[in-house]
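Taking it in order: structure first as structure tokens, then the write-up.
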Amino acid sequence: MIEVLRPGILTTVQDLGRPGWRSSGVPVGGALDTMALRVANAIVGNDDTAAGLECTARGPVLRFLAPAHVALAGAAVDGVEMLRELSLPAGAELSLENIQRAGRVYLAIAGGVEVPLVLGSRSTHLAGGFGGFEGRALRAGDQVAVGPSGGVAEPRAKWSVSASMVPDVLSDLQVIRVLAGPQYEWFAEAAQQGLWNEEFTVMSMSDRMGLRLSGEPIRCEMPREMISAPVALGSLQVPPDGQPIVLLADCQTLGGYPQIATVISADIPRLARLRPRQRIRFEQVSLVEAQYHRRVMDTAFAALRAGLAEKMSHHGDP
Amino acid sequence: MEYRHLGDCCVLVTMGESIDEGTSQRVARLAAALRSRWLHGVLDIVPAFSALAVHFDPTGVGGTDPMQRVTEWIAATSMTEVSWVAENGRTFTIPVCYGEECAPDLIEVALRLTMRPEDLVARHSSITYRVGAMGFSPGFAYMLGLPADLQVPRRATPRTRVPPGSVGIGGVFTGIYPSDTPGGWHLIGRTACVLFDPARQEPCLLRTGDLVRFLPRATFKETERLP
């Protein structure tokens with residue numbers, strides 16, 4: 001059991017989401033930075049599907065009522081070691097309040113956060129009020145259950161995972177790679193050039209549904225009426241005010257704004273690491289390149305998992 | 001049919017350029033055909049009014065060009081159009097209270113349409129609507145068939161919160177808000193029927209292709225049960 005002493009700004013239970021329900025209007029949801037959650041889960045020996053805590057801007061203060069093995073991945077937290085297994089005795093308190101530059105960090109716990117599966121997932125859908133812990137963000141006093149783990153009794157980790165798996169995006173200007181979107185041709189050449197040449201600033205109103213950007217407006221002449229059509233994770237929608245919105249995990253399944261571009265899947269976790277006021281620039285890549293970057297990411301993670309399994313299997317060897 | 005990619009994990013198939021029942025039926029039929037021969041690695045098949053999206057996990061689909069593999073599967077399925085099974089549209093009669101406490105925008109909309117409110121209610125509840133697409137929020141059904149004389153543009157300022165069960169009209173659509181989301185349609189009634197419940201075997205009451213009629217009821221209390 002984990003007791004929430006202070007909840008932080010927005011701490012939710014998340015896993016890798018609930019695909020399979022988009023045709024019912026249910027967002028895929030799940031962790032915004034799936035790679036950080038997967039890495040943290042791998043460190044504590046969990047399956048990829050285990051649920052953890054997503055902590056945004058200022059994290060929670062937690063008390064562990066039973067001994068626990070946890071790991072953190074994502075934005076660095078002051079005073080806490082990242083990317084390695086932490087063995088906590090019963091009664092230990094862990095403060096994730098000071099997330100550097102108000103980023104996003106994921107806590108995995110051996111055995112996973114135990115909440116009921118709703119439509120095949122433990123992730124919290126805030127707008128719908130279901131999934132996760134009672135369909136809402138954690139509050140002070142909540143007691144969150146932990147699933148059965150492999151029964152690790154000893155601290156086994158003298159190692160940590162390389163930060164290159166989940167590089168923090170600290171530099172001010174980030175380049176996000178995109179493919180042209182289904183309505184790219186609806187935009188005049190000047191607007192298309194603006195997308196490639198201008199810089200955009202991440203706005204503070206950004207949430208789990210979308211990353212709101214501010215910059216030189218991208219105008220769309222709308223050659224015909226837009227019919228609400230399916231959107232994807234990473235769709236770059238352009239509303240009439242010309243300020244683009246990048247759709248994230250909790251976005252709607254259909255959208256009524258023209259989509260000028262789509263962020264490649266290998267860069268979706270990086271979107272989750274952006275903080276308000278950071279600047280981004282978009283770079284167009286080909287589908288072949290996008291698929292290549294995705295394979296590189298998946299291969300790197302598979303290698304990490306295999307390496308960790310190796311380390312864990314040797315633990316306790318004479 | 002036109003194929004486009006929506007990023008590197010989704011194929012978008014566009015099948016028309018307008019919102020009409022014929023197009024949305026063709027989209028729904030292709031969705032049903034794809035579901036009947038599901039490809040490994042495909043996560044979601046999402047039909048909309050004139051387009052359909054197939055979301056997939058590239059690792060699950062496999063190969064060096066999973067996009068190509070998914071596109072070929074869709075193309076091969078669409079070639080067998082004759083065998084597309086039409087998903088049977090079920091018919092629902094949904095009780096709705098159009099009374100003052102349930103219909104904050106009824107009088108204003110009636111004024112704009114130069115109709116008496118009771119005529120608007122009679123007209124709205126005389127039509128059989130067809131679910132053209134699911135989306136916006138869990139269980140939300142965009143219903144087609146609203147007659148031209150009941151069509152009004154969406155509210156200039158959307159409400160930040162719409163009571164669940166509210167029946168709205170906006171543009172060419174009518175529909176019911178399943179949960180308390182923001183909403184830009186005009187609210188002309190409300191039902192106590194639960195449109196979406198994740199704990200139910202079938203969470204959504206409605207699905208694309210279903211036919212819907214609204215049955216006026218004097219009080220909100222009387223809308224709790226489907227007739």
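The values are calculated or read from the model by the stated rules, or taken from the named source; none is laboratory data. Computed from a predicted structure; not experimentally measured. Here the Cβ is made from the backbone with ideal geometry for all residues, glycine too, and neighbour counts use every protein chain on show.
Of all residues in the range B:24-50, those that are without any contact (Cβ under 8 Å) to a residue 12 or more places away in the chain and under 21 Å from residue B:62 (Cβ atoms) have Cβ atoms under 8 Å from Cβ atoms of residues that are in a helix (DSSP H, G or I) and of a type outside the set (Gly, Ala, Ser), 6 or more apart or on another chain, in B:44/A:22. Looking at this structure, is residue A:299 modelled with pLDDT under 95 and β-branched (Val, Ile, Thr)? Criteria met by residue A:299. Selection of first residues in the range A:79-93 that are within 14 Å of residue A:66 (Cβ to Cβ) and of second residues that are among the charged types (D, E, K, R) and surrounded by fewer than 18 Cβ atoms within 10 Å (Cβ to Cβ), restricted to Cβ pairs under 6 Å at least 6 apart or on distinct chains, gives the following pairs, ordered by first then second residue: A:93/A:63.
Restricting attention to the range B:131-154, which residues are of a type outside the set (A, V, I, L, M) and touching a strand residue (DSSP E or B) at 6+ places or on another chain (Cβ under 6 Å)? Quick ask: steps written out before the conclusion?
Step one: filter the range B:131-154 for residues of a type outside the set (A, V, I, L, M), giving B:132, B:135-140, B:142, B:145, B:147, B:149, B:151, B:153-154.
Hits for the range B:131-154 are B:132, B:135, B:138, B:139, B:142, B:145, B:154.
Among the residues of the range A:19-34, just one is surrounded by fewer than 24 Cβ atoms within 10 Å (Cβ to Cβ) and more than 9 Å from chain B (Cβ to nearest Cβ), namely A:34.
Restricting to the range B:119-151, count the residues that are within 13 Å of another protein chain (Cβ to nearest Cβ) and either assigned to a strand (DSSP E or B) or more than 19 Å from residue B:31 (Cβ to Cβ) (or both). Show your work before the answer.
Initially, the range B:119-151 is screened for residues within 13 Å of another protein chain (Cβ to nearest Cβ), giving B:131-142, B:144.
Of the ones still in play, those that are also either assigned to a strand (DSSP E or B) or more than 19 Å from residue B:31 (Cβ to Cβ) (or both) are B:131-134, B:137, B:141-142, B:144.
So the answer is 8.
Just give me the residues in the range B:195-209 being within 18 Å of residue B:131 (Cα to Cα) and either assigned to a strand (DSSP E or B) or touching a residue at least 24 places away in the same chain (Cβ under 8 Å) (or both), in sequence order. Before the answer, list the steps.
First pass over the range B:195-209, keeping only residues within 18 Å of residue B:131 (Cα to Cα): B:195-196, B:202-209.
Once the filter is applied, which keeps residues that are within 18 Å of residue B:131 (Cα to Cα) and either assigned to a strand (DSSP E or B) or touching a residue at least 24 places away in the same chain (Cβ under 8 Å) (or both), the range B:195-209 yields B:195, B:196, B:203, B:204, B:205, B:206, B:207, B:208, B:209.
Residues that are of a type outside the set (Val, Ile, Thr) and closer than 19 Å to residue A:145 by Cα within the range A:32-47 comprise A:37, A:40, A:41, A:45, A:46, A:47, listed in sequence order.
Residues are listed down the side, and each one gets a yes or a no for (1) surrounded by fewer than 19 Cβ atoms within 10 Å (Cβ to Cβ); (2) touching a residue at least 60 places away in the same chain (Cβ under 8 Å):
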site: A:175; (1), (2): yes, yes
site: A:188; (1), (2): yes, no
site: A:195; (1), (2): no, yes
site: A:199; (1), (2): yes, yes
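Would you pick out the residues in the range B:14-31 that are part of a helix (DSSP H, G or I) and not hydrophobic (A, V, I, L, M, F, W, C)? Passing the criteria: B:21, B:22, B:23, B:24, B:25, B:26, B:29.
What is the residue count in the range A:238-275 for residues that are farther than 30 Å from residue B:154 by Cβ and either assigned to a loop (DSSP other than H, G, I, E, B) or more than 9 Å from every other protein chain (Cβ to nearest Cβ) (or both)?
Residues of the range A:238-275 that are farther than 30 Å from residue B:154 by Cβ, as a first pass: A:264-270, A:272-275.
Next, from what is left, pick out any that are either assigned to a loop (DSSP other than H, G, I, E, B) or more than 9 Å from every other protein chain (Cβ to nearest Cβ) (or both): A:264, A:267, A:269-270, A:272-275.
So the count comes out to 8.
So is residue B:64 more than 23 Å from residue A:226 (Cα to Cα), at the interface with another protein chain (Cβ under 9 Å from one of its Cβ atoms), part of a helix (DSSP H, G or I) and hydroxyl-bearing (Ser, Thr, Tyr) or not? The answer is no for residue B:64.
Note on the range B:1-51: residues that are touching a Leu at 6+ places or on another chain (Cβ under 9 Å), facing another protein chain (nearest Cβ under 7 Å) and not β-branched (Val, Ile, Thr) total 12.
Going through A:289, A:310 one at a time, which residue ends up being surrounded by 15 or more Cβ atoms within 10 Å (Cβ to Cβ), acidic (Asp, Glu), assigned to a helix (DSSP H, G or I) and more than 22 Å from the chain's Cα centre (by Cα)?
Selected residue: A:289, the only one of A:289, A:310 that is surrounded by 15 or more Cβ atoms within 10 Å (Cβ to Cβ), acidic (Asp, Glu), assigned to a helix (DSSP H, G or I) and more than 22 Å from the chain's Cα centre (by Cα).
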